[in-house]
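Peer 1: Mind looking over this structure? Questions follow.
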Amino acid sequence: MRHRLVAVLALCALAGLLGASRSQAEEHPQMSEADMMKLYMEAAMPGPEHAMLAKSAGSWKVTMKSWMDPEGEPMESDGSETATMILGGRYLQSIFEGTSMMGPFEGMGILGYDNVKKKYVGTWSDTMGTSLMYYEGDYDASTRTMVCRGDYVDAATGMTMAARMVTRTISDDEHVFEMYGPGPTGAEVKWMEMHYARVK
C-alpha cells in the first residue's frame with residue numbers, strides 16, 4: 001500500500017512538472033516544451049560536484065571541541081559518523097552519534113549540490129532541538145575548502161542566529177569541520193571544531 005501511495009505521489013508530481021513546463025513554454029514561446037524538459041533533466045543529473053561529495057561517504061571517527069565561553073577551555077568529546085550517498089548519488093546523508101553538554105547526541109545532515117543555483121546546499125537536524133537548519137555555500141578547489149552560511153532560531157531567545165560553517169579537506173581520509181556564530185558581544189567566534197578520521 002505504501003509503495004502504491006509513493007508511486008501515485010510521484011506521478012502527481014510529474015504531472016505537475018509537465019503542466020508547469022507547458023505553462024512556461026506558453027509564456028516563453030522562444031523555448032519549446034521539449035527544450036524545457038531537457039533543462040529539467042540536465043538539472044536533475046548528478047555531476048562532478050556530486051562525485052566530490054561521494055568521496056566523503058564511509059565511516060568516520062570524530063574528535064570534537066565545543067566552546068560555551070569563547071575565552072574559556074573547550075569541552076572535548078568523541079563521536080562517530082556514517083555518511084552515505086542517497087537518491088541516486090545526488091545527496092550525501094550523514095548520521096552522527098556522540099555526546100554533548102545535554103548528554104547523548106544524535107544528528108543528521110543532508111548535503112548536495114544544486115545544479116540550478118550552482119551552490120552546495122544542506123540541512124542539519126539533531127536531538128538538541130526540533131528545528132531544521134538550512135545552509136548553502138561554495139567550494140574552493142584551490143584550498144579544498146567549503147564555506148557555507150545558514151541560520152536557525154535560538155531556543156533561549158527566539159532570535160534568528162547566523163552561522164558560518166567551514167570544512168577543510170586535508171585528504172580523502174581526513175577533514176576538519178568548524179562552525180562559527182555570534183559570541184557574547186555579537187562578534188563572530190568559533191563554536192565548534194570537529195576532526196574527522198576515516199575508519200573505512
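Peer 1: Just how many pairs of Lys in the chain have C-alpha atoms closer than 24 Å, counting pairs that are eight or more places apart or on different chains?
Peer 2: 12
Peer 1: Quickly estimate the mean residue ellipticity at 222 nm for the chain, helices only: each DSSP H run with n ≥ 4 gives -39500 (n - 2.57), and the total goes over all residues, rounded to 500. Please list the in-between numbers first.
Peer 2: Numbers: 3 runs with 45 residues, N = 200.
Here the helix-only value at 222 nm equals -7500 deg cm²/dmol.
Peer 1: Along each of the three principal axes of the Cα atoms of segment 50-198, give the extent in whole Å, ordering the values from largest to smallest.
Peer 2: 40, 31, 31
Peer 1: Follow-up question, since we're still on this one. What angle, in degrees between 0 and 90 and rounded to the nearest 10, separates the Cα long axis of helix 33-44 from the longest principal axis of the Cα atoms of the chain?
Peer 2: 20
Peer 1: In degrees from 0 to 90, rounded to the nearest 10, what is the angle of the helix 2-27 Cα long axis to the longest principal axis of the chain?
Peer 2: Its long axis makes an angle of about 70 degrees.
Peer 1: Report, largest value first, the span of the C-alpha coordinates of segment 121-200 along each principal axis, in whole Å.
Peer 2: 39, 27, 22
Peer 1: Distance from the Cα centre of segment 33-85 to that of segment 93-165, in angstrom?
Peer 2: 9
Throughout, read-outs are computed from the coordinates displayed, never taken from laboratory work. Bear in mind that the values here come from a model prediction, so they are computed numbers and not experimental data.
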